[in-house]
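The block underneath contains the structure these notes are about, expressed in structure tokens.
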Amino acid sequence: MLDTVLLAVGPGDADRSDQLAEAVLEVAKPADATVVLAHVFTSNEYDEVLDRLEFDTDADTVDPDAVAARHSTIHDLESVLEEHGVDYEVQGGVGEHGPTIVDLAASTEADRVIVGGRRRSPTGKAVFGSTAQEVMLSAPCPVTFVRHDE
């Protein structure tokens, strides 16, 4: 049974939102599953986004869900899901991408995670790490990887 699909997006996913939307529709729509649109920011990315989106940083706390909901990639994905009648919710997370996506998958009790990425050389993975690889190895459920070739 597939009830919840977590679609993890980050700062590099704007150019592959169509591919991610297609992948999540392929899985979630036939199962009538709810999609969790999760935008994960590192601490530095989060601070930059707060400034760029003009959030009141003098307030005690800014909810990462509210920050994620204002991100353009999330807006694009929301439009597609609404057009196809797929239920969704938006969640934000702050931390290292891989572990935070895994934590969100666990906390939302996701039955599937969809994550995007690009082809990387073995050296590139060793030097820079791979968010998708971390999610695939650590997620509490199956993971679908959507590759974007640049």
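Computed values, structure above
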quantity	calculated
Residues whose placed amide H lies under 5 Å from that of Val9, excluding near-sequence neighbours	Ala38, His39, Val40
Computed E for Lys29/Thr61 - FRET, C-beta separation, R0 30 angstrom, nearest 0.05	0.30
Accessible solvent surface per residue of the chain, calculated while the other protein chains remain in place, 1.4 angstrom probe, Å²	54
Equivalent ellipsoid, the chain (semi-axes from 5 times Cα gyration tensor eigenvalues, Å)	22, 20, 15
Helical mean residue ellipticity (222 nm; -39500 (n - 2.57) per DSSP H run of 4+; nearest 500) of the chain	-13500 deg cm²/dmol
Length added when fully stretched, Arg147-Glu96, from 0.36 nm per residue minus Cα-Cα	16.3 nm
Linear extension gain, Leu137 paired with Arg70, 0.36 nm per residue minus alpha-carbon span	21.1 nm
Residues with amide H under 5 Å from that of Thr144, placed H, sequence gap 5 or more	Val113, Ile114, Val115
FRET efficiency, 1/(1 + (r/R0)^6) with R0 41 Å, evaluated for Asn44 and Glu82 via beta carbons	0.85
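The values are calculated or read from the model by the stated rules, or taken from the named source; none is laboratory data. Treat the numbers as computed from the prediction; the structure is a model and nothing was measured. So basically every Cβ, Gly included, is an ideal-geometry build from the backbone, and we count neighbours across all protein chains shown. With ligands, DNA and RNA removed, areas are computed over all heavy atoms of the protein, side chains included. Shrake-Rupley method; radii C 1.70, N 1.55, O 1.52, S 1.80 Å.
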